[in-house]
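For reference, the structure discussed in these notes is given below.
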Amino acid sequence: MNDPLVLVLVAILPSVVVFLTAFYTLKQFMNASISERMTDLRKEDHRQTLPLRLQAYERVTLFLERISPGPLVLRVHKSNMSSRMLHAELIATVREELEHNVTQQVYMSEKAWAKVKQAKEETIRLINLSYEQTGDEQSATELSRRIFENVGRLTHTPSQEALVFVKDEVRRLF
């Protein structure tokens, strides 16, 4: 029992046990404190970003309504326009509307933004198809009529489909 190694171990072992216990306890306390702080930060972040996200969804909803073929044609069509002029104006308006709202994608999911872009592309495709069916020499009224006919054949406009997706995503926020 007088062995110096045993005496050193007897003196050091309780100190090591106390140190490891204190270390483990402090580590648990620090982890709990950090976790609580992160939760508080997430709550505060959510409180500040939720209004921004809702505003983005509102703007995108307005965008989808504005590029819906019916209201779009009624807003852009002017008397004495040719079908070529109306076609160019409709396409430019749809693209400009998206450019004004492109920053809203920051607050939306990838899927929702993809649906918005898809609605824009399908609306342009519908306008182009109607223009091809009408031709250059016709009046803007004829192109408008053709657009309304083609929209009438659809069960949902591209904007309506995207709008349903956006609304579902907003509902999931709450």
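Nothing in this text is a laboratory measurement; each read-out follows from the coordinates by a stated rule. Treat the numbers as computed from the prediction; the structure is a model and nothing was measured. Neighbour counts run over all protein chains shown; Cβ positions are idealised from the backbone, glycine included.
Give me the compactness ratio for the stretch 49-172, meaning the Cα radius of gyration over 2.2 N^0.38 Å. If you can, show how the numbers build up before the last one.
Details: Rg = 15.2 Å, N = 124, 2.2 N^0.38 = 13.7 Å.
Compactness ratio reported: 1.11.
If I take R0 = 35 Å and measure r between the Cβ atoms of Thr141 and His100 in this structure, what FRET efficiency does the formula 1/(1 + (r/R0)^6) give, to the nearest 0.05?
Numbers: r = 28 Å, r/R0 = 0.80.
FRET efficiency, Thr141 to His100: 0.80.
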Estimated inter-spin distance, Glu149 and Val164, nm [label 7 Å along Cα→Cβ]: 2.7
Ellipticity estimate at 222 nm from DSSP helix runs (n ≥ 4, -39,500 (n - 2.57)) divided over the chain, nearest 500: -29000 deg cm²/dmol
Once each part is reduced to its C-alpha centroid, what is the distance from the stretch 90-110 to the stretch 136-155 in angstrom? 24
Taking Cα atoms of the stretch 34-122, Rg/Rh with Kirkwood Rh, to two decimals? 1.21
With a Förster radius of 41 Å, plug the Cβ-Cβ distance of Ala22 and Leu50 into 1/(1 + (r/R0)^6) and report the FRET value to the nearest 0.05. 0.45
Assertion target for His46, His87, ordered by fewest C-beta neighbours within 10 angstrom first, is His46, His87
Given the Cα-Cα distance of Ser82 and Arg171 and 0.36 nm per residue of separation, how much length would full extension add, in nm? 27.7 nm
Degrees, to the nearest 10: 140-152 long Cα axis against longest axis of the chain: 50
If neighbour count is taken as other Cβ atoms inside 10 Å, put Ser68, Ser130, Ser83, Ser15 in order from fewest to most. Ser15, Ser68, Ser83, Ser130
Rounding to the nearest 10 and keeping the result within 0 to 90°, find how far the Cα-based axis of helix 4-66 lies from the longest principal axis of the chain. 10
